[in-house]
Amino acid sequence: MLDLSFLMDDPDFCSSCVLRSFRITGNDHGRPIYEKTEEQIVAVVQPATAEDMQRLAETAGGVTTETLVIYTQEKLSTGDPENGADMIVFEGQVYEVCQVEDFLPNGNYCRSLMRRVSDDN
């Protein structure tokens, strides 16, 4: 396996994004209360493949929106009982991380699918 992690910092391949992470700090009558943190990250962003779209359509009940693939050196999260799904702000659009493939131990990167949820206001 080739280590191409140096490309993650090459301006010809990468883009600047904002990573929004959400940690659940309590609840309000059953609704989670989130604490939001933001950090600037560098990532490689590409269109999702037809295979990626097929897998997402099967898990999302056939409903898909604009979907991108993002490669990062940070591990992203789709959410768990203590954290909400990570959001990525890229080119004025907000994307929710919906699938994560962790290659950090072997390839020093994380490949994730993210779908557009709104404009960044």
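Results, tabulated for the structure shown:
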| item | result |
| --- | --- |
| Positions within the stretch 71-111 being in contact with a Phe, Trp or Tyr (Cβ under 8 Å, 6 or more places away or on another chain), surrounded by 17 or more Cβ atoms within 10 Å (Cβ to Cβ) and without any contact (Cβ under 8 Å) to a residue 60 or more places away in the chain, in sequence order | Cys110, Arg111 |
| Number of the condition not met by Glu38 [criteria: (1) touching a Lys or Arg at 6+ places or on another chain (Cβ under 9 Å); (2) at pLDDT 80 or above; (3) not in a strand (DSSP E or B)] | (3) |
| Residue identified as touching a strand residue (DSSP E or B) at 6+ places or on another chain (Cβ under 6 Å) and modelled with pLDDT of 95 or more among Val89, Val44, Val97 | Val89 |
| Options Gly26, Gly61; residue that is modelled with pLDDT under 90, of a type outside the set (Val, Ile, Thr) and part of a strand (DSSP E or B) | Gly26 |
| Selected residue (criterion: nearest to the chain's Cα centre (by Cα)) from residues of the stretch 12-34 that are open to solvent by less than 60 Å² (accessible area, probe 1.4 Å) and among the aliphatic types (A, V, I, L, M) | Leu19 |
| Odd one out for Gly79 among (1) out of contact with any strand residue (DSSP E or B) (no Cβ under 6 Å at 6 or more places or on another chain); (2) on the phi > 0 side of the Ramachandran plot | (1) |
| Close pairs from the stretch 20-43: first closer than 11 Å to Gly84 by Cα, partner among the aromatic types (Phe, Trp, Tyr) and open to solvent by less than 70 Å² (accessible area, probe 1.4 Å), Cβ under 7 Å, at least 6 apart | Tyr34/Phe22; Lys36/Phe22 |
| One residue from Thr65, Thr37, Thr49, Thr59 being among the hydroxyl-bearing types (Ser, Thr, Tyr), loosely packed, with under 15 Cβ neighbours inside 10 Å and over 16 Å from Leu113 (Cβ atoms) | Thr37 |
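The values are calculated or read from the model by the stated rules, or taken from the named source; none is laboratory data. Remember, it's a predicted structure, so these values are computed and weren't measured experimentally. Cβ atoms come from the backbone with ideal geometry, glycine included; neighbour counts cover every protein chain shown. For the accessible areas, the whole protein counts, side chains as well, though only heavy atoms, and no ligand, DNA or RNA atoms are used. Shrake-Rupley method; radii C 1.70, N 1.55, O 1.52, S 1.80 Å.
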